[in-house]
Amino acid sequence: MLKIESITNASIYSDAWQMQRRGKFTSSKIHCFMGEKGLGNGAYTYIDQKLGEEMTGHVVSDEDDIEDENTAWGLQYEPEAVKEFHIRNKIEFLVTQKLIHAPGTRFSSTPDGIWVHGLATNQKEYNVSTLEVKCPRKFHRFNKLYRCNTPDDILKTESKYFWQVLDQMENCDSAVGYFAVYHPLYPPTCNYKQIQFKKIELWDEFKKLKKRKNEAVELLLKWKSEFMVV
């Protein structure tokens, strides 16, 4: 259940969104922690980046954040993909691209969509499902994702998307998440596909994710303590 206090007012790419993500590990980069044998070089670089943001109060974009033709294409067509998800699933209430951050944690997430199923009886939580959409510009990238039918297929084909969906579900405390792929140039009969992720079927992967996230926080705190030595 997603706690209301975890839902921020920061819309994606706004100044408030950038500042509230400062020093926080995000779902889009959580794959850095998911090496075969543990945290690796990619994780260390990412942890150092977040440590620097926390120490300085500044956010410095890394190379992965630099916009090119492919990312611009994705940003242009993501709203169409989200709309397709909305229509195909006959959704009554879908929240789009809001930053989720549980107070007191070092993690945040901005799902492309949060499907709100209802308010809990305690009036403090929502029952939700998450959505992550990808709109690859290049045909071969769309094709390989379209051929996926299960979460395991996504893990084998593009593992970073698998872990992104799981971390979104983790941050939103949702039992179900969705991954969707969309290409506006393909015929309407085959330009969109969605895959459902069920937490109950992915317990081991969620345990692994939580373990690696804890290891990353411990390492960040260790490195931070070294700066406190005079």
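The values are calculated or read from the model by the stated rules, or taken from the named source; none is laboratory data. Just so it is clear, the structure is predicted and the values come from calculations on it, not from any experiment. Counting neighbours? That spans all protein chains shown, and the Cβs are built from the backbone with ideal geometry, glycine included.
Anything in segment 185-230 that is surrounded by 14 or more Cβ atoms within 10 Å (Cβ to Cβ), of a type outside the set (S, T, N, Q) and not in a helix (DSSP H, G or I)? List them, or say none. If the condition is that a residue be surrounded by 14 or more Cβ atoms within 10 Å (Cβ to Cβ), of a type outside the set (S, T, N, Q) and not in a helix (DSSP H, G or I), then Tyr186, Tyr192, Lys193, Ile195, Phe197, Leu202 are the ones that fit. Can you tell me which residue within segment 1-11, out of those that are within 16 Å of the chain's Cα centre (by Cα) and surrounded by fewer than 19 Cβ atoms within 10 Å (Cβ to Cβ), is farthest from Leu119 (Cα to Cα)? The extreme case among them is Ser11.
I need a count of the residues in segment 27-65 that are in a helix (DSSP H, G or I) and modelled with pLDDT under 85. Going through segment 27-65 one residue at a time, the tally reaches 4.
Gln168 meets each of the listed conditions (1) of a type in the set (S, T, N, Q); (2) surrounded by fewer than 20 Cβ atoms within 10 Å (Cβ to Cβ); (3) under 29 Å from Asp48 (Cβ atoms) apart from (2).
The residues in segment 130-157 that are within 18 Å of Glu78 (Cα to Cα) and in contact (Cβ under 8 Å) with a residue 24 or more places away in the chain can be counted, and the count is 13.
Taking the condition farther than 20 Å from Val82 by Cβ and either in contact with a strand residue (DSSP E or B) (Cβ under 9 Å, 6 or more places away or on another chain) or of a type in the set (Lys, Arg) (or both), does Glu215 pass? Yes: the conditions hold for Glu215. Applying the condition of being without any contact (Cβ under 8 Å) to a residue 40 or more places away in the chain and buried (at least 16 other Cβ atoms within 10 Å of the Cβ) to segment 28-45 and asking which residue is farthest from Ser108 (Cα to Cα) yields Cys32. Filtered by the rule that a residue be among the hydroxyl-bearing types (Ser, Thr, Tyr) and either within 12 Å of Ile100 (Cβ to Cβ) or buried (at least 19 other Cβ atoms within 10 Å of the Cβ) (or both), segment 12-27 gives Thr26, Ser27. Just one of the listed residues (Lys124, Lys98) is within 16 Å of the chain's Cα centre (by Cα) and not β-branched (Val, Ile, Thr), namely Lys98.
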